Structure formats: C-alpha cells, structure tokens
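One structure is given below, encoded as structure tokens.
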Amino acid sequence: MINIKHVPAPYIIFNRDLVMIDQSDDAKDFFKHFQAVEEIIDQGSLNKFQKALQANERQDFELVMNTKQAPMALFQCSLSWKDDMYHLICVPKDEDIKRLEELVQQHSKRLASTNFELLEQKEKLEESLKRIKMLSAPFIRISKTTGVVLFYGEFDRTLIEMNQNEISKQAFNGQFEQILFDFNGIGDLEKDGVDAFYYLIQRLQVMGIHSSVIGLSPKQVFHFNKQGTKLDATFKSNLHDVIYSYLSS
C-alpha cells in the first residue's frame, strides 16, 4: 500500500464496494468520518460519480461533496483504477479566486460608465487584480525535493511577474531540486506570458532547479512551439499521474 498521508489534496483510495481503504490528511480535514465514498457525495452528483466508475480509463469531472465546513462544496475530481483499487483526487474549487474575479468584473463595468467618480474604486480594482494574480499560482511541496506550482486563470506576463520572485524564493529556501508547473487551470496563453515563463525557467535553471511542465493542451503546446526557442524543461501529461509516480516510487 502506498503512503498517501501527505498528498497536498483530498486523496481517497477505495475498493469495488466503494469502501474507503485509505485517505490523505487533507481528506480527513475536509470530510467527516465515512466508510463508503458515497456518504460524502451529494445526491445530485451520485449519478455522475457512478458513470465515472463504469469507465475503463481515467475520468476527470466535477462533484458536489459534503464537507465539514459546508453541506455542498464543489470539487474538481480525477478518478483512476489501479492495483484493484480506485484512486480519487478531489481538488476544491478556489472560492476566494471566484469571489475576487466577480469583484473585478463588477468594478470594470462601473469604471466603464464613470471615469471620474470612481477613481477610488479603480485603486481597489487594481488591488483586487493583484490579489487574484497572487492567488493564481500557489506553490505546494509534494516531496522533500519537489514542489508544484498550480497556475489558474489568464496566463499573461502579469501572472508570472507577480509570482516569480516568490516562486524563486521558496524554491531556493526550500532546497528544491525540481518544480512542476501545472497548466490544467489555464485556458488561453498570452505571448507575453509565455515569454515571461521562459525567463522564469531560465532563472530557476541558474539556481540548479529543473522544471517540468504538466497538462498542456494541444493548443497551448502550439504557443510554446511558436516561440522558436527550446524550453529547457520536461513535459508531462497530467498532475494526477505525476503525483502517483512520486508516491509509488
């Protein structure tokens, strides 16, 4: 049995009868005590969950689940079958980012109609944008020498510039040897964002830290290939498999 105790997300292993075999500390923190996985899934999501169980390959989907803090909370889930057991990772949707994005949209509409009366609101908007960007690249340690940066939202120069110093600082102080950059939460890529990301990778390389890029879509790969300069990084398919490989090695 692999040790999933320190996986930085709610991670649950269960058998064909849906009985929980093991879970990470984050899962214990999020969910009340349960024996069958169905106990923590909202009734409205059970049908979706049961369909995912019938598939013969890895499934990615959203589930509404019951947590200690709320009777209904939205999670992005990945489900796979290995070694006669189901492996379920549930990443909570970041409500803090959602709230701030809504605030930015509200401010933007008001600024478009009144350029003079809302100067103070403009400052608040800028602060909200900065806060969103800071929340859009969390840095998580998954092993003694490996960390992961989860990118969310719009991938532009501001996202990288707002976070590159903190990423470099944590990577150096934490004595990391490898940083995984996960693009699953990113939609379109801005050219200036890719340019800034290249610079960040070079910066980490000078520090002796190897970088890996995870979860690029075919469209996003095209943006990277268009740069004309080879990115000195390893490309991997998805974060779920990478985490599993570290746990089972």
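The values are calculated or read from the model by the stated rules, or taken from the named source; none is laboratory data. Given the structure is predicted, the values throughout are model-derived calculations rather than measurements. Virtual Cβ from ideal backbone geometry, glycine too; neighbours counted across all protein chains shown. What goes into the accessible areas is simple: the full protein's heavy atoms, side chains included, and nothing from ligands, DNA or RNA. Shrake-Rupley method; radii C 1.70, N 1.55, O 1.52, S 1.80 Å.
Counting only protein heavy atoms and using a 1.4 Å probe, what share of the accessible area of the stretch 171-239 belongs to carbon plus sulfur, as a whole percent?
On the way: 1840 of 3640 Å².
Carbon and sulfur atoms account for 50 percent of the accessible area of the stretch 171-239.
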Chymotrypsin sites (Phe, Trp or Tyr not before Pro) restricted to the stretch 122-212 and DSSP loop, no more than 12 other C-beta within 10 Å: none
Neighbour-limited loop hits for trypsin sites (Lys or Arg not before Pro), the stretch 1-62 (at most 12 other Cβ within 10 Å; DSSP other than H, G, I, E, B): ARG16, LYS32
Alpha-carbon centroid distance for the pair the stretch 145-209 / the stretch 58-74, whole angstrom: 28
Using θ = phi - 60° and Karplus 6.51 cos²θ - 1.76 cosθ + 1.60, couplings along the stretch 65-75 (whole Hz; Gly, Pro as x): 10, 8, 10, 5, 8, 8, x, 9, 9, 8, 10
Efficiency of FRET from Cβ geometry, ALA55 and SER143, R₀ 41 Å, rounded to 0.05: 0.90
Neighbour-limited loop hits for GluC sites (Glu not before Pro), the stretch 1-81 (at most 11 other Cβ within 10 Å; DSSP other than H, G, I, E, B): GLU57
Using θ = phi - 60° and Karplus 6.51 cos²θ - 1.76 cosθ + 1.60, couplings along the stretch 166-172 (whole Hz; Gly, Pro as x): 5, 4, 5, 5, 5, 5, 6
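Using a 1.4 angstrom probe with every protein chain in place, what is the largest-first accessible-area order of ILE140, ILE89? It would help to have the intermediate numbers written out before the result.
Details: ILE140 45, ILE89 15 Å².
Heavy-atom accessible area, descending, gives ILE140, ILE89.
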Karplus (6.51, -1.76, 1.60) ³J(HN,Hα), θ = phi - 60°, over the stretch 203-213, in Hz, Gly and Pro reported as x: 4, 5, 4, 4, 7, x, 10, 7, 10, 10, 10
